[in-house]
Amino acid sequence: MSIRFVIAILLSLATHPAHAEGERNELRLYMRGEFLFQNNRATCHGKTGKGDGPLAKDVPIPPRNFRDGIFKFRSTPPGFQPTDADLARTIRHGIAGSTMPIFNTLNDGEIKALILYIKAFSKRWKDPDRIAEPIAIPHVPEWFAQLATAKPHITAGKKIFTSHCATCHGNDAKGNGSAAAGLRDFAGRPIPPRPT
Ligand code: HEC
């Protein structure tokens, strides 16, 4: 081992003790996440996160493949990764209309560990161009609270719905518009519009 190398290591230990401590903590969190994932979620999402667990082929909507690193339920714009809060919401509350369960018995530390573990499956999380702030959601306007004041907006909304949304969601919002049957997601799987 060269003396320069030894000096470099000693210097880095002397100047970055907090950094090393941070890395140890991250590793501990990752291992906790691995334990929780392999015991709770691997049955569907698969041991290697590929979405190919033993139950995966029996569920109508396939479990997410974490190796793709592509997520739907986000507060961020299209093409960007979800925030940790988005992932925590999905884990805690599940996904309505799918078999993704509600894991509301996990505590904050366990959810944090699982998020770290899930994110390690794909390189997309390391790409700064894929990280974005959530889209700002406007405040609910005052007119929304009363039916009388909301009515003109509902009428205007119906018009937009008919022209822009009904081809997929259907005129009665039952998810049966003329284009619905042919819709596919990025992996070529059928993706039905949600009924209301
Ligand atoms: C090209 C077809 C298509 C059009 C047009 C379309 N949608 Fe959708 N919409 C979908 C599909 C497919 C989904 C389900 C996506 C999923 O589950 O990943 C969806 C989901 C939604 C959801 C989310 C429901 C949920 O469970 O969270 C809302 C809200 C929505 N659409 C509203 C609209 C509105 C409003 C319009 C018109 C401005 C519209 N959509 C136009 C296909 C369409």
task: Report yes if THR43 is surrounded by 12 or more Cβ atoms within 10 Å (Cβ to Cβ), farther than 17 Å from ILE111 by Cβ and modelled with pLDDT under 90, otherwise no.
output: yes
message: Quick test of your reading of the structure: LYS174 fulfils all but one of (1) within 16 Å of the ligand (Cβ to nearest atom); (2) in a helix (DSSP H, G or I); (3) of a type outside the set (Ser, Thr, Tyr). Name the failing condition by number.
response: (2)
query: Could you list, in sequence order, the residues of the stretch 72-107 that are polar (S, T, N, Q) and part of a loop (DSSP other than H, G, I, E, B)?
result: SER75, THR76, GLN81, THR83, SER98, THR99, ASN104, THR105, ASN107
- prompt: Counting only residues that are within 9 Å of the ligand (Cβ to nearest atom) and under 23 Å from VAL140 (Cα atoms), which one in the stretch 153-165 is most open to solvent (accessible area, probe 1.4 Å)?
  reply: HIS164
- request: Would you please name the residue that is farthest from the chain's Cα centre (by Cα), looking only at residues in the stretch 58-75 that are more than 15 Å from the ligand (Cβ to nearest atom) and surrounded by 13 or more Cβ atoms within 10 Å (Cβ to Cβ)?
  value: ARG67
message: Tell me whether the stretch 108-115 contains one or more residues that are loosely packed, with under 13 Cβ neighbours inside 10 Å and in a loop (DSSP other than H, G, I, E, B).
response: no
task: Output the qualifying pairs, or none if there are none: Cβ atoms under 6 angstrom, residues six or more apart or on different chains, first residue in the stretch 99-113 and within 15 Å of ASP84 (Cα to Cα), second residue basic (Lys, Arg).
output: ALA113/ARG32
message: With the requirement that a residue be under 20 Å from TYR30 (Cα atoms) and either buried (at least 17 other Cβ atoms within 10 Å of the Cβ) or modelled with pLDDT under 95 (or both), what does the stretch 90-103 give you?
response: THR90, ILE91, PHE103
task: Scan (1) surrounded by 12 or more Cβ atoms within 10 Å (Cβ to Cβ); (2) over 29 Å from MET31 (Cβ atoms); (3) out of contact with any Lys or Arg (no Cβ under 9 Å at 6 or more places or on another chain) for the single condition ALA148 breaks and write down its number.
output: (1)
query: So how many residues does the stretch 166-184 have that are surrounded by 12 or more Cβ atoms within 10 Å (Cβ to Cβ) and without any contact (Cβ under 8 Å) to a residue 12 or more places away in the chain?
result: 2
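The values are calculated or read from the model by the stated rules, or taken from the named source; none is laboratory data. Note that this is a predicted model, so its numbers are computed, not measured. Glycine also receives a Cβ, built like all others from the backbone with ideal geometry; neighbour counts cover every protein chain displayed. The area values use the complete protein model at the heavy-atom level, side chains included, leaving out ligands, DNA and RNA. Shrake-Rupley method; radii C 1.70, N 1.55, O 1.52, S 1.80 Å.
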